[in-house]
Amino acid sequence: MKGQKIERLLLYLSVVLLLITSFLIFNSTKKISIKNERISYLKDSISYINGVNEYYHHLLKTKMKLSNLTLNDKLIKVYDITIDTNKSAFIRIGSIIGKNRHSLILRYTEIGCGECSSLTVKKLKALRNKHPDLPVYAFVDFTEYDSYLQWRKVGEIDFPVFLVKKDDLPFDKDFQNYSYVFLVNNDGVATDFFVPNSGYPDLVDYFFENIYKKGL
Amino acid sequence: MTSIFPTHYKRSLWLLCLVLNILYSCKNQKDTDIIDKYTTIQVNNKSLTDTLDLSKMIDSVGLIRLTDAPQKSLAKINQLYALSDYYIAIDPVNTKRVNAYTKSGIYVKTLLENGPLKTDALNVTDCYVNEKNEVIIYDYAQMKLTVYDSHLKIIKVVKGEKLFNYSHVASLPGSDKFVGYSNFNGYNAVVQNDAKNPSSLDILDSTLSLSKKHLFYPSKFGEITLVTLPKSFFPFKNSLHFFRAYDPYVYSLNKDGIERRYKIIYSNGNVPSDFLEKIVAPNLHAFNNIGRDPSSHQVVSSAFAGYTCFTNWLETNDIIYLSSTSFTDKTFDNFNSIIYKRDKKSAVLSAKVFSDNSKFKLTFPSFNAYDKEKGEFLTYCTGNRLKKYLHPNSPLVKQEDIVDDSFYLIKVRFKRG
């Protein structure tokens with residue numbers, strides 16, 4: 001009888017132990033999953049901050065590397081595609097920028113951040129309406145005529161557009177697949193490079209407000 | 001000798017072990033619930049003709065221009081659908097909006113677009129029209145679905161509690177559930193608290209919570225980038241067809257389950273069924289870094305060179321229209337096939353492009369959609385492209401009347417039988 005009681009007690013104890021262990025495992029699994037979720041959020045936040053830092057770092061690097069570079073009038077082939085044709089003859093870049101003390105250039109690449117480019121086009125149009133005395137030109141690198149037509153239609157582009165093949169501008173490689181803007185004087189000297197980012201619209205506004213003053 | 005435990009306790013313990021074992025097995029049950037019930041379709045792509053004249057098979061060809069919508073234009077059409085009274089077009093890349101047009105091409109309204117308002121989307125990436133002619137628009141960034149009826153009125157808006165990421169979302173016929181497809185996305189598995197078991201096809205309940213997972217893959221492939229098709233779902237009768245680029249099967253889903261319905265075998269460049277281990281695994285670093293490292297792009301292109309996979313699937317009671325792509329080292333070649341369902345052995349017509357050389361005189365771009373009510377296959381192109389597709393003296397439109405930067409729909413009805 002005594003032996004059986006001990007056996008039953010052992011059995012109850014093992015069942016209780018099993019239940020407690022299961023509860024603890026369940027509890028710790030839940031805690032680990034909550035922690036994993038928090039780590040995931042933290043990782044996202046760190047990635048965001050890293051992205052911001054990378055962006056500023058890129059701006060700073062281009063500011064230091066690229067200043068007072070001259071566009072070579074003989075080497076850069078430019079095609080006027082403002083009017084409906086993809087068969088325009090090539091013209092010299094000097095004939096576009098030589099007419100004005102300063103010109104603001106949008107170097108548009110079809111690969112890359114579409115929303116950043118759209119925002120830039122909107123801001124450029126606003127700047128042009130407000131200050132028509134600073135000429136704005138777009139140098140685009142479309143490889144398909146269809147894509148260009150749609151870009152022009154959707155963006156309601158109303159400033160002159162020229163086709164310049166990718167990597168034909170000496171600083172294209174420094175901007176990889178980003179569209180960028182810069183100021184160029186009538187001697188072809190390019191300054192004030194900036195990569196607009198739709199994530200920081202205030203910075204884009206700040207750039208355009210100040211570039212107008214410089215361009216005068 | 002007396003036993004440690006009485007017999008009835010022993011039985012209970014065995015029963016407990018058995019139940020736990022069954023529960024564990026159910027938890028780890030993977031693709032075994034996909035039923036194999038497929039018909040094999042052989043596509044001969046070894047010596048493709050450039051152009052195949054389908055004049056004798058064509059009943060009618062129609063052409064309409066989609067009118068421009070001021071401030072609401074689309075820069076590209078990625079998916080096209082036909083309702084009873086409307087066409088639906090989505091541009092998820094450039095303008096991020098979904099537009100509706102009448103059947104004569106007049107712009108009606110923008111159903112949804114990205115914008116700052118609460119009613120706007122954060123990131124419109126996908127659209128789907130189901131068997132009930134409901135339009136389902138997927139806002140990727142908010143895991144939110146907006147469902148419209150066939151008159152373009154909002155029926156419901158569903159926002160998931162967890163932010164799963166899918167490439168395409170569709171509704172599951174005969175139920176209030178949804179189906180989400182993500183190519184290779186380890187993130188989803190983490191959000192599902194099941195990081196070790198990533199899956200490509202998930203069944204979601206009416207609140208967009210995870211209900212069931214299908215098409216599992218090893219977690220080491222959770223970060224790879226592979227071709228995602230513009231659309232992966234097609235409603236057919238009371239089922240939902242699902243297809244993806246490198247998988248030879250077309251799956252059929254409904255409320256009762258999932259089955260492999262068709263298997264496509266190309267005579268040239270069939271993607272091996274173990275392509276993840278055979279093609280991807282030896283180049284895993286490149287497949288993981290294709291967006292970050294330019295040299296990876298070449299490695300991935302070379303790895304897939306020589307293989308063929310399908311890119312779109314349209315099905316009627318009589319025919320299947322299949323678009324396919326063969327990858328080369330630097331580019332790819334598209335071709336199209338028409339498969340007659342009644343006569344499985346000999347009725348597969350394939351060519352790089354189909355055309356009508358007799359009556360309507362034009363070359364057809366690949367068809368993108370099927371209008372089940374009118375029995376028409378649909379495709380779209382810009383006016384600039386249309387000029388190239390039309391042969392001289394085509395009765396459809398005069399060259400000088402074509403607007404280069406407008407979109408045109410080409411509608412083709414095949415003869416029956």
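Just to be sure, is A:S198 within 14 Å of another protein chain (Cβ to nearest Cβ), of a type outside the set (A, V, I, L, M, F, W, C) and under 16 Å from A:L104 (Cβ atoms)? So A:S198 does not fit the description; no.
Condition check ((1) more than 24 Å from B:H241 (Cβ to Cβ); (2) charged (D, E, K, R)) across all residues:
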{"position": "B:P92", "(1), (2)": "no, no"}
{"position": "B:Y101", "(1), (2)": "yes, no"}
{"position": "B:E113", "(1), (2)": "yes, yes"}
{"position": "B:Y128", "(1), (2)": "no, no"}
{"position": "B:V135", "(1), (2)": "no, no"}
{"position": "B:Y138", "(1), (2)": "no, no"}
{"position": "B:Y148", "(1), (2)": "no, no"}
{"position": "B:L152", "(1), (2)": "yes, no"}
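Taking B:V227, is it β-branched (V, I, T), within 26 Å of A:T29 (Cβ to Cβ) and not in a strand (DSSP E or B)? The answer is no for B:V227.
Only residues that are more than 14 Å from chain A (Cβ to nearest Cβ) and in contact with a Ser or Thr (Cβ under 7 Å, 6 or more places away or on another chain) were counted across the stretch B:382-414, and they come to 2.
The numbered conditions (1) out of contact with any strand residue (DSSP E or B) (no Cβ under 9 Å at 6 or more places or on another chain); (2) in contact (Cβ under 8 Å) with a residue 12 or more places away in the chain are all true for A:K173 except (2).
When the stretch B:205-218 is limited to residues that are crowded, with 16+ Cβ neighbours inside 10 Å and among the hydroxyl-bearing types (S, T, Y), the one that is nearest to B:V190 (Cα to Cα) turns out to be B:Y217. Contact map, the stretch A:180-192: residues that are in a strand (DSSP E or B) paired with residues that are charged (D, E, K, R), Cβ distance under 8 Å, separation 6+ or inter-chain. Pairs shown: A:Y180/A:R107; A:V181/A:R107; A:F182/A:R107; A:F182/A:D192; A:L183/A:D192; A:L183/A:K214; A:N185/A:R101; A:D192/A:K214.
Residues considered: B:T331, B:T379. Of these, the only one that is under 24 Å from B:I264 (Cα atoms) and in contact with a Pro (Cβ under 8 Å, 6 or more places away or on another chain) is B:T379. Any residue at all in the stretch B:212-222 that's assigned to a loop (DSSP other than H, G, I, E, B), in contact (Cβ under 8 Å) with a residue 40 or more places away in the chain and among the hydroxyl-bearing types (S, T, Y)? Yes, because at least one residue in the stretch B:212-222 is assigned to a loop (DSSP other than H, G, I, E, B), in contact (Cβ under 8 Å) with a residue 40 or more places away in the chain and among the hydroxyl-bearing types (S, T, Y). Out of the stretch B:399-417, which residues are over 22 Å from B:S73 (Cα atoms), touching a helix residue (DSSP H, G or I) at 6+ places or on another chain (Cβ under 7 Å) and of a type in the set (D, E, K, R)? Selection gives B:K415 alone. The residues of the stretch A:104-132 that are assigned to a helix (DSSP H, G or I) and in contact with a Leu (Cβ under 8 Å, 6 or more places away or on another chain), listed by number, are A:T120, A:V121, A:L124, A:L127, A:R128. From the list B:V227, B:V135, which residue is more than 14 Å from chain A (Cβ to nearest Cβ), within 14 Å of the chain's Cα centre (by Cα) and closer than 30 Å to B:N317 by Cα? Answer to the selection: B:V227. Filtering the stretch B:365-381 to residues that are in contact with a Leu (Cβ under 7 Å, 6 or more places away or on another chain) and either in a loop (DSSP other than H, G, I, E, B) or within 14 Å of another protein chain (Cβ to nearest Cβ) (or both) leaves B:F367, B:N368, B:Y380. For the stretch A:116-143, the set of residues classified as within 14 Å of another protein chain (Cβ to nearest Cβ), surrounded by 16 or more Cβ atoms within 10 Å (Cβ to Cβ) and of a type in the set (D, E, K, R) consists of A:K125 only. Checked against the criterion of being crowded, with 20+ Cβ neighbours inside 10 Å, touching an Asp or Glu at 6+ places or on another chain (Cβ under 6 Å) and closer than 27 Å to B:S326 by Cα, the stretch B:344-356 has at least one qualifying residue. The listed residues are A:D187, A:D146, and the only one of them that is more than 20 Å from B:Q71 (Cβ to Cβ) and within 14 Å of chain B (Cβ to nearest Cβ) turns out to be A:D146.
For the stretch B:382-417, a residue qualifies if it is farther than 23 Å from B:Y86 by Cβ, part of a loop (DSSP other than H, G, I, E, B) and either of a type in the set (S, T, Y) or touching an Asp or Glu at 6+ places or on another chain (Cβ under 6 Å) (or both), and the qualifying residues are B:S394, B:K415. Any idea which residue in the stretch A:150-170 is nearest to the other protein chains (Cβ to nearest Cβ), counting only those that are touching a residue at least 40 places away in the same chain (Cβ under 8 Å) and not in a loop (DSSP other than H, G, I, E, B)? It comes out as A:W151.
Among the residues that make up the stretch B:367-377, is at least one of them touching a Lys or Arg at 6+ places or on another chain (Cβ under 6 Å) and either among the small types (G, A, S) or surrounded by fewer than 21 Cβ atoms within 10 Å (Cβ to Cβ) (or both)? The answer is yes, given that some residue of the stretch B:367-377 is touching a Lys or Arg at 6+ places or on another chain (Cβ under 6 Å) and either among the small types (G, A, S) or surrounded by fewer than 21 Cβ atoms within 10 Å (Cβ to Cβ) (or both). I'd like to check something: does the stretch A:70-89 contain any residue that is over 25 Å from A:Y212 (Cβ atoms), within 14 Å of chain B (Cβ to nearest Cβ), touching a helix residue (DSSP H, G or I) at 6+ places or on another chain (Cβ under 6 Å) and modelled with pLDDT under 85? The answer is yes, given that some residue of the stretch A:70-89 is over 25 Å from A:Y212 (Cβ atoms), within 14 Å of chain B (Cβ to nearest Cβ), touching a helix residue (DSSP H, G or I) at 6+ places or on another chain (Cβ under 6 Å) and modelled with pLDDT under 85. Of the conditions (1) surrounded by 15 or more Cβ atoms within 10 Å (Cβ to Cβ); (2) touching a Lys or Arg at 6+ places or on another chain (Cβ under 9 Å), B:N268 fails just one. Which one is it? It is condition (1) that B:N268 fails. Looking at B:Q192 and the list (1) closer than 26 Å to B:V227 by Cβ; (2) more than 14 Å from chain A (Cβ to nearest Cβ), which single condition is not satisfied? Among (1) closer than 26 Å to B:V227 by Cβ; (2) more than 14 Å from chain A (Cβ to nearest Cβ), the lone unmet condition for B:Q192 is (2). Selection of the stretch A:9-53 for residues being hydrophobic (A, V, I, L, M, F, W, C) and within 30 Å of the chain's Cα centre (by Cα) yields A:I39, A:L42, A:I46, A:I49, A:V52.
Identify the residue in the stretch B:70-116 that is hydroxyl-bearing (S, T, Y) and away from every other protein chain (no Cβ under 14 Å) and, among all such residues, is surrounded by the fewest Cβ atoms within 10 Å (Cβ to Cβ). Ranking the candidates gives B:S104 first.
Within 30 Å of B:S267 (Cβ to Cβ), at pLDDT below 95 and more than 23 Å from the chain's Cα centre (by Cα): does that describe B:L48? Yes: the conditions hold for B:L48.
The values are calculated or read from the model by the stated rules, or taken from the named source; none is laboratory data. Note that this is a predicted model, so its numbers are computed, not measured. Note that each Cβ is placed from the backbone with ideal geometry, even for glycine, and that neighbours are counted across all protein chains shown.
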